[in-house]
Each structure stands twice: as structure tokens, then as C-alpha cells.
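Report on one structure; see the data block that follows.
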Amino acid sequence: MVMNQYYAYLYLDPSKDYYGKPEPFYVGKGSGYRSRTHLKRTDHCEFIHRLQKMKQNGIEPIIEKIIVGTNEKFALGIETMLIKRIGRKDLG
């Protein structure tokens, strides 16, 4: 039986500075092509709006995979840790 290989990932904005590096603006976890599916979404949320605005301005987000090849529970833990470390804009 083949298990899914999960990972945690970050979306980074190379046009914005975050302590000398591109600004992280989204943290997620997934498997397969999950990290790239956001690029095709058309729903109306702040994250997608930012991706669309970046595209209009010719800015390509950086998708950085963190901890590749793990199980879902571990990837979820990494996602949670990254959100706590980076913070959430909607919570200040």
C-alpha cells in the first residue's frame, strides 16, 4: 500500500521584505500538487485577491515546500507551528 507523501508549504511575496527575505503570506499543507492549486482559484478571499494582484503586477509568488515526504499529521503540525511563528494578519 502506497501512502500519500505530505508536506507543509509557504507562499512568499518577493516584492515585500520580511527581515531581509521575501514576505510569507500563506502557510498550508498538502500532498501532490496541492501547493499550486491556489494559483488557479477564483474565489473571493484575501489570499486569492493578493495572488491575483501580484499576477497583475507581474510578480510571481515563490512556493517553498517545507518538510517534504512526511505523513499528514506531521505536516499539519509543521503548518500549525509556522502559522504561530509567522502570525496571522487577520488576527493582527
- Message: Given the criteria modelled with pLDDT under 90 and open to solvent by 70 Å² or more (accessible area, probe 1.4 Å), does residue 89 qualify?
- Response: yes
- Message: Given the criteria surrounded by 10 or more Cβ atoms within 10 Å (Cβ to Cβ) and free of Cβ contacts under 8 Å to residues at least 40 places away in the same chain, does residue 52 qualify?
- Response: yes
- Note on the structure: Going through (1) under 11 Å from the mean Cα position of the chain (by Cα); (2) under 16 Å from residue 87 (Cα atoms) one by one, residue 34 fails only at (2)
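Let's see how each residue does on (1) closer than 13 Å to residue 11 by Cβ; (2) surrounded by 11 or more Cβ atoms within 10 Å (Cβ to Cβ); (3) touching a helix residue (DSSP H, G or I) at 6+ places or on another chain (Cβ under 8 Å):
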position: 25; (1), (2), (3): yes, yes, yes
position: 29; (1), (2), (3): yes, yes, yes
position: 38; (1), (2), (3): yes, yes, yes
position: 44; (1), (2), (3): no, no, no
position: 56; (1), (2), (3): no, no, no
position: 60; (1), (2), (3): yes, yes, yes
position: 66; (1), (2), (3): yes, yes, yes
position: 73; (1), (2), (3): no, no, no
position: 79; (1), (2), (3): yes, yes, no
- When you scan region 55-72, how many residues do you find that are in contact (Cβ under 8 Å) with a residue 40 or more places away in the chain and under 15 Å from residue 16 (Cβ atoms)? 6
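Take the residues of region 35-78 that are of a type in the set (Gly, Ala, Ser) and out of contact with any Gly (no Cβ under 7 Å at 6 or more places or on another chain): which is modelled with the lowest pLDDT?
First pass over region 35-78, keeping only residues of a type in the set (Gly, Ala, Ser): 35, 58, 69, 75, 77.
If we keep only those that are out of contact with any Gly (no Cβ under 7 Å at 6 or more places or on another chain) as well, we get 58, 69, 75, 77.
On the way: 58: 97, 69: 82, 75: 92, 77: 94.
Here the answer is 69.
The values are calculated or read from the model by the stated rules, or taken from the named source; none is laboratory data. Worth saying up front: this structure is predicted, and the values here are computed from it rather than measured. FYI the Cβ positions are ideal-geometry reconstructions off the backbone, even for glycines, and counts take in every protein chain you see. Only protein heavy atoms, including side chains, enter the accessible area calculation; ligands, DNA and RNA are left aside. Shrake-Rupley method; radii C 1.70, N 1.55, O 1.52, S 1.80 Å.
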